[in-house]
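What follows is one structure encoded as structure tokens, with my remarks underneath.
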Amino acid sequence: MSHSEHIAPDAVAPTMLTTPASPHRLSARTALFALPLLMGSALLFLVQPMFGKMVLPRLGGSPAVWNTCMLFFQACLLAGYAYAHALTRLPLRRQAMIHSFALLLPIVALPMALPAWTPPASADPAPWLLAVLTVSVGLPFFVVSATSPLVQAWFHRAGERAGGQGDDAAAQDPYFLYAASNAGSMAGLLAYPLIVEPTLRLRQQATWWAAGYAVLAATILACALATARATTAAAVRREERSDFPSAESAAGRDAVPASIAPRDASDEVLPAALQLRWIVLAFIPSSYLLGVTTFVTSDIAAVPLLWVVPLAIYLLTLVIAFSRRPLVPHRGAMRALPVTTLVAVTFFMARAAQPVGMVMAVHLLAFFVAALACHGELARLRPHPRHLTRFYLMMSVGGAVGGAFNALVAPVLFAQPTEYPLAIALAAMVRPMRAAGAAAAVRAPSLRRLDRALDVVLPAIVGALAWPAVSAAPARTVPGTYLLVFLVLSPPVLLCLTFVRRPRRFALGVAALVLAFTLATPAHARLRDVRRSFFGVHRVLQTADRSFNQLFHGTTLHGLQRLDPATAAPAHADRPTSYYHPSGPVGDVFAHALAPGRLRHVGVVGLGAGAMTAYARGGARWSCYEIDPAVQRLAEDPRHFTYLPAARQRGADVRVVLGDARLTLAAADDGAFDLLALDAFSGDAMPVHLLTREALATYRRKLAPRGVLLVNISNLYVDLKPVLANLAADAGWACATRDDPDVSAAQLKDGKQASEFAVMAESEADLSPLLRTGRWKLLARFPSHRTWTDDYSNVLGVLKWRRR
């Protein structure tokens, strides 16, 4: 049974504020307590990307780095909430003394900077990174994370001591301040890519963050002082009333309006089921957030910074749910949840991808409604303010478990990204269940058993109907075919819609729909293999006409190879395809820029299917740098691709080096490469640390005299020409580009893909063979763009706001 069925309303109503506090004018005291919540949350959302940029050049872009950072920040947040919960059990004077001391501790770590420690060369870097995080950012993050629950508890205490009258009545239900806290989080989230990153270097960011922390500490101490004064004033009033009793004092608590003075619930024991429900209601939107983010950034549009949008929506739902006057009523979100969920699931099953804006809006709207429903339930089930810190602690536990499940557990459990549809199905269960429970109570036991059986059987029928419908759907449904595809999918979806009054049945029906999509293979292609790692899900698809094997990461093609028409086995491994076609920019480089005798050693960053090694010939050495072991296994599996083994058979020495390219290249011999190709720029997580002044200095050391740096800048959403032109000008190099967007039908049948590449060399003379073709153009410095360094980058400044 769901948690909603376990908890009777009467069992938890005494400890909850089931109605929001009436709106009040914003008093000076309320503003004082709201300020540190806004500032503290903004600082938390600023420090995470800032520190990530600091550590990136030393450890690279490995998911182990990001997962370690994520777990550290979540652990710090939990510790901060637990600290606030424990602190509020103490007398106020002791709270103020302890927290004042805690506020002073981070001074030793500010401004934030990395210690001069060298990461281990071969051992697991996680302990090193945890130590760096603890020393550099641990104390400030821990102290700031305690701000929200602690200040809200003080605000309630100050208003409680004031008697809950006048402007202090708002303190009787202080949860609206959580909306202010999340508004601060949104401000920090949006400020970093829009304002902070484009204008400030990392050292300046750290300095300004330290200044913000100093202001935050001052406002927190002011809140403690205001709470202490209210407590003292309350003690004086009690003493005066005991000396001069009045009619008002004789009336006792009856003099305080019931709507703003809930009864004292401090001694009540919170039901364990209620606390578990808080955790579950926080877990679902946290997991949903990461699932929908991965889906829209890999399967819909690999746009840099797109991850900001779902996170902003998540924070917005918290702001709405805990506001005094929610913009969207909780009942409205609950009613909209089944419809928006099924619409998103229908688009999901149809593999709808165009128009991108509409498809993305459908999925994000469903996420918005689901998160608002969960957070609205949390707001509805909020306890008496005396239990405020425990409530936030349980919410933090649920959020952390949701994040850890998606980041660490799901990649191990699921070969496909099943956590996203699983979160959709769980969210579908967050529905009011009192009416269903009341109706079931008056039904005969045999009918109740039948209902429970149908809760499983009917969703199974939905899945059985959906399976062939999903299999018949095209690879990428486009607007012109929506009507036909949706008609095919409508029977199971409409059947699921009839389950709305049975939340468990409806949730299982949604799960059956998305499971059918996950397991069914589309008619257009045959799924040959799927591998999942912390870097994502990689699929090998064979086209329906058995012409090519294709390697996909989400919607991004990472390589393809021709198949023998007779055997459907990989063939023609000496004929480059996709972005590396002989008629494209890469073919120019191998045909004109570098004579065969000069290709002694080639380095390739980004393996893909290994198609570039089709240019490898006997006697040459090729070093392919790849960060994802799953990609290496697929590229070296002869059932899928034979570029690597064929190159070795031709006498080339082809080696695959695993690890982040910037770190592994540093171990290569200086002057080793005649050609160094960077092909790691497809996707929303653009490896900025490979495109900085310091990174270019590494490439320069590793290139032989007259060596050439080749960079794949094919991207629908990012224009890297200003970045490379300024890096070249800064280093005194020459840079040229070739855009090859037009692909004929014959070339497309031959496996060619549109591409754009840049080449860099120490002098223009080294690029003259390419320039003489007339297809390559020299690039000059872009004065409107700053040179990227390890201390500064601006992804927002290179986005293509208009696609061709």
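Read-outs: derived from the displayed coordinates by stated rules, not from any lab. Just so you know, these numbers come straight off a predicted model, no measurement behind them. Positions of Cβ are backbone-derived with ideal geometry, glycine not excepted, and every protein chain shown enters the neighbour counts.
Here are some notes:
- Gain on full stretching of the segment that runs from ASP669 to ALA31 - 0.36 nm per residue minus C-alpha separation: 223.6 nm
- Here the relative contact order of segment 623-760, from alpha carbon pairs under 8 Å that lie six or more residues apart, stands at 20 percent.
- When segment 267-390 is reduced to its Cα atoms, the Kirkwood hydrodynamic radius in Å: 15.6
- Residues whose amide H comes within less than 5 Å of that of ASP529, counting only those at least five positions distant or on another chain, are VAL540 (H built at 1.01 Å from N in the peptide plane).
- Tail fraction, Cα-Cα pairs, segment 25-109, threshold 21 Å, whole percent: 49
- Lysines whose Cα lies under 30 Å from that of LYS53, excluding same-chain neighbours fewer than 8 positions away: LYS702, LYS721, LYS800
- Computed from the C-beta positions of ARG331 and ALA79 and an R0 of 35 Å, the FRET efficiency is 0.45 to the nearest 0.05.
- Under 19 Å from the LEU497 label point (7 Å along Cα→beta-carbon), backbone N, segment 334-358: 334-352
- Nitroxide proxy distance, nm - points 7 Å out along Cα→Cβ at ALA704 and SER471: 5.5
- Convex hull of segment 321-419 built on C-alpha atoms - directionally averaged projected area, nm²: 8.1
- Cα gyration tensor, segment 560-664 - rounded (a/c under 1.5), prolate or oblate: oblate
- Inter-site label distance for HIS572 and LEU484 at 7 Å from Cα along Cβ, in nm: 2.9
- Relative intensity of segment 712-804 on a log10 scale, I(q)/I(0) at q = 0.12, 0.16, 0.17, 0.20 Å⁻¹, equals -0.44, -0.74, -0.82, -1.03, per a Debye sum over C-alpha point scatterers of equal strength in the absence of solvent.
- Near the amide H of VAL657, within less than 5 Å, lie the amide hydrogens of CYS624, TYR625, GLU626, all on another chain or at least 5 residues away, with H placed in the peptide plane.
- Kirkwood Rh (inverse of mean 1/r, distinct Cα pairs), segment 50-150, angstrom: 14.8
- For SER755, the amide hydrogen comes within under 5 Å of the amide hydrogens of ASP740, counting only partners 5 or more places away or on other chains and with H modelled in the peptide plane.
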